[in-house]
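Read through the structure below, which is laid out as structure tokens, and then see the notes.
The values are calculated or read from the model by the stated rules, or taken from the named source; none is laboratory data. What you see is a predicted model; the values in this text were computed from it and never measured. For neighbour counting, all protein chains shown are included, and Cβ atoms are generated from backbone atoms with ideal geometry for every residue, glycine included. Accessible surface is based on the protein model in full, side chains and every heavy atom, while ligands, DNA and RNA are left aside. Shrake-Rupley method; radii C 1.70, N 1.55, O 1.52, S 1.80 Å.
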Amino acid sequence: MTTPPRHRITRLIVALAVTSAIMTSAIMTSAIVLPRAARAEDGQFDKMRARIAAFVADKMEKLGGSRIVYKVDTDGLRESVVTDLRDDVYKTLREGKIAFSGLAIRDAGVEVKIADAKGREQLARKLASAAEGLPSHALTVTDSGDGLVRLAPTDAASAARLRDLVEDSIAMIEQRLKDAGINLASVLPDGTDRIRIFIPGMMEPARVTAVFARKVKVSFRLIDVSMPAEQAQSGTPPTGTEVLPGFKDERHYLVARDSALDGDDISYAGPGFASGTKDPIASFRFNGRGTRRFAHVTEENIGRPFAIVLDGKVISAPVIREPITGGSGQISGNFTLEEANSVAMLLRAGSLPGHLDLVEQQVVQPAAKP
């Protein structure tokens, strides 16, 4: 669930525009290094972030404001990473028709019995290929020689996942603040697993923390076509359904209350452009468990529309034309590029493991005038 640097930069360019307006056998480890271009973009990103932080710090000194510190859920992250790894191993074994037994999570890693040596080599090769170019997915693969294979994230991969979680949490915080009408704020990493927020002029930090009291809710639900949504809204909707508004339009949708899939099944989301029309879209990819569930749901419901629901609003309602087995999809909705970026960010936020723990909230008084 990595946020590419170029998308982080796009987010900060928007923030800078707002600021300007206010201013007037053996252990085999995959070691992968980010390309220079990505690291260069990170440098540009850090410079932009520093400019915003400096401006906000100046405003805090003059106006006072709120200082809030959150901690990301590192335990939830570790559990999520290992669970996703187990699902990916299962998917790889099934697709490769590799005989196995005893697949289980154990001691912060995944263990599996594969009697055939070629099968063990095939599993290691496919997982290494899938991790290529993704430092956060690097693994140690230990083959004991007796059929037992142990897989675990490398220390570097775990650190990269933690950085990704912090960055995605920052993106979610920035979007939530924007939605709450708070356009001037500095949201920065604070150590390895904490996030510091400065909001000039805001002397009620509890008002801000209330914004993050609930998690972004992402769900994939079937649409009920037994009656028009308007009829259900004015009368009694069928059992197990509810009427939800559209994300951008005034249309309403009659959808199942139960989710076929949730945000926890999403492993990546990002903005992009449709191949034919070049319209902005939000693309997403499921983890192994989500891929299997989505394939089953689409296979069983060909011809039916389903809704992608984000925080109680339907952002897209495509019709299932055929089974979708590849584990990825696109969301279109007459978006602007900024809207597509926001939708993708919220999809990522909906899949964030765990929660944000409030560590500190305090009111910062303006500096005394000379």
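Can you name the condition, by its number, that THR291 falls short on among (1) outside any helix (DSSP H, G or I); (2) open to solvent by less than 60 Å² (accessible area, probe 1.4 Å); (3) at pLDDT 85 or above?
(1)
May I ask you to say which residue of SER226, SER169 is hydroxyl-bearing (Ser, Thr, Tyr) and open to solvent by less than 60 Å² (accessible area, probe 1.4 Å)?
Numbers: SER226 fails: open to solvent by less than 60 Å² (accessible area, probe 1.4 Å).
Only one candidate passes the filter, namely SER169.
Could you go through the stretch 53-71 and let me know if any residue there is of a type in the set (Ser, Thr, Tyr) and modelled with pLDDT of 85 or more.
Yes, the conditions are met somewhere in the stretch 53-71.
Between a first residue in the stretch 107-131 that is surrounded by 15 or more Cβ atoms within 10 Å (Cβ to Cβ) and a second residue that is outside any helix (DSSP H, G or I) and of a type in the set (Phe, Trp, Tyr), which pairs have beta carbons less than 7 Å apart while being 6 or more apart in sequence or on different chains?
Between residues of the stretch 107-131 that are surrounded by 15 or more Cβ atoms within 10 Å (Cβ to Cβ) and residues that are outside any helix (DSSP H, G or I) and of a type in the set (Phe, Trp, Tyr), the close pairs are VAL112/PHE100; LYS113/PHE100; ILE114/PHE100.
Identify all residues within the stretch 310-323 that are more than 21 Å from the chain's Cα centre (by Cα) and either open to solvent by less than 60 Å² (accessible area, probe 1.4 Å) or within 12 Å of LEU244 (Cα to Cα) (or both); write none if there are none.
PRO318, VAL319, ILE320, PRO323, listed by residue number.
Output yes when any residue across the stretch 93-101 is within 20 Å of LEU165 (Cα to Cα) and of a type in the set (A, V, I, L, M, F, W, C), and no when none is.
The answer is no; no qualifying residue exists.
Please verify whether ARG150 is in a strand (DSSP E or B), charged (D, E, K, R), open to solvent by 10 Å² or more (accessible area, probe 1.4 Å) and more than 30 Å from GLU204 (Cβ to Cβ), treating the condition exactly as stated. It would help to see each step written out before you state the result.
Working: in a strand (DSSP E or B): yes; charged (D, E, K, R): yes; open to solvent by 10 Å² or more (accessible area, probe 1.4 Å): yes; more than 30 Å from GLU204 (Cβ to Cβ): yes.
Spelling it out, ARG150 is indeed in a strand (DSSP E or B), charged (D, E, K, R), open to solvent by 10 Å² or more (accessible area, probe 1.4 Å) and more than 30 Å from GLU204 (Cβ to Cβ).
Residue-by-condition table, conditions (1) within 30 Å of PRO366 (Cα to Cα); (2) among the β-branched types (Val, Ile, Thr); (3) open to solvent by 70 Å² or more (accessible area, probe 1.4 Å); (4) touching a helix residue (DSSP H, G or I) at 6+ places or on another chain (Cβ under 7 Å):
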residue	(1), (2), (3), (4)
ALA54	yes, no, no, no
ARG67	yes, no, no, no
TYR70	yes, no, no, no
ASP88	no, no, no, yes
GLY102	no, no, no, no
